[in-house]
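Here is the structure we will look at.
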Amino acid sequence: MPRLHVLAACLALLPAACRTAPERIGDFAATEPAPLPTAAAGDGAIYHAGHDLPLFENSVARRVGDVLTITLAEKTRASKSATTNTSKKTKADLPGPTLAGAPVTANGIEILDAALDHSSTFEGSGDSAQSNQLSGSITVTVARRLPNGNLLVRGQKWMTLNQGREYVRIQGIVRPVDIAPDNSVPSYRVADAQIEYGSQGVLAAANSKSLLARFFDSKWMPF
């Protein structure tokens, strides 16, 4: 009886084991700005140490911890088709041996001769199409300022809905010259962009295959 209880407990935990957490791309926690330097002299009415802003520059992200809005404008479409037709024919005649200059016969029929005739054909075709679209916006923080002045940004947005949570994560490198005056940049101008969209909760678990189903649908199954 104790073994039956252990087996029942393992079967009950099997669906929970199939729900794997989404893969994280680095640490998406908000990056805090660096500590302000100690002012060597008292601040004036215009200049404030640690909060300097050039008079001829816009108030856009440029330091570690600054926020930046990324406009998601991702749209991809791919299609592929292939058609293959092959054919092969082989024919060979092997005459029989001769005896005293004449073929070997039996009852007037030539024997010991052979003929080979073979043909094969193959036809194959395949089509594949895929399209993806992601739109919206997400505000991230500057995680690091690279030596050439480019900004490494990353961030995430979580939205709790009725039966689950949806998230958007992004990480990449932004050039300061690509930042618009409203402190935004389109996602197609983010270099080495890693964008992740997914969900957690009851609906996400219901739409995912169980462990056994994924095993029987894997490429290792011979059937």
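Across segment 107-165, the qualifying residues are those that are among the polar types (S, T, N, Q), modelled with pLDDT under 85 and not in a strand (DSSP E or B), and the one among them that is farthest from T83 (Cα to Cα) is N107.
Within the bounds of segment 73-93, is there any residue that is surrounded by 10 or more Cβ atoms within 10 Å (Cβ to Cβ) and modelled with pLDDT of 90 or more? No.
For residues in segment 114-172 being free of Cβ contacts under 8 Å to residues at least 40 places away in the same chain and in contact with a Ser or Thr (Cβ under 6 Å, 6 or more places away or on another chain), which is farthest from V60 (Cα to Cα)? Across segment 114-172, the extreme among qualifying residues is H118. Residues in segment 70-95 that are of a type in the set (D, E) and out of contact with any Leu (no Cβ under 7 Å at 6 or more places or on another chain): D93 only.
Test I170 against the criterion of being among the aliphatic types (A, V, I, L, M), assigned to a strand (DSSP E or B) and within 19 Å of the chain's Cα centre (by Cα), and give yes or no. The answer is yes for I170. Looking across segment 179-223, the residues that are modelled with pLDDT of 85 or more and loosely packed, with under 15 Cβ neighbours inside 10 Å come down to A180, P181, D182, P186, Y188, A191, D192, Q194.
The values are calculated or read from the model by the stated rules, or taken from the named source; none is laboratory data. Predicted model only: the values in this text are computed from it and were never measured. Quick reminder, even Gly has a Cβ in these numbers, built from the backbone with ideal geometry, and neighbours come from all protein chains shown.
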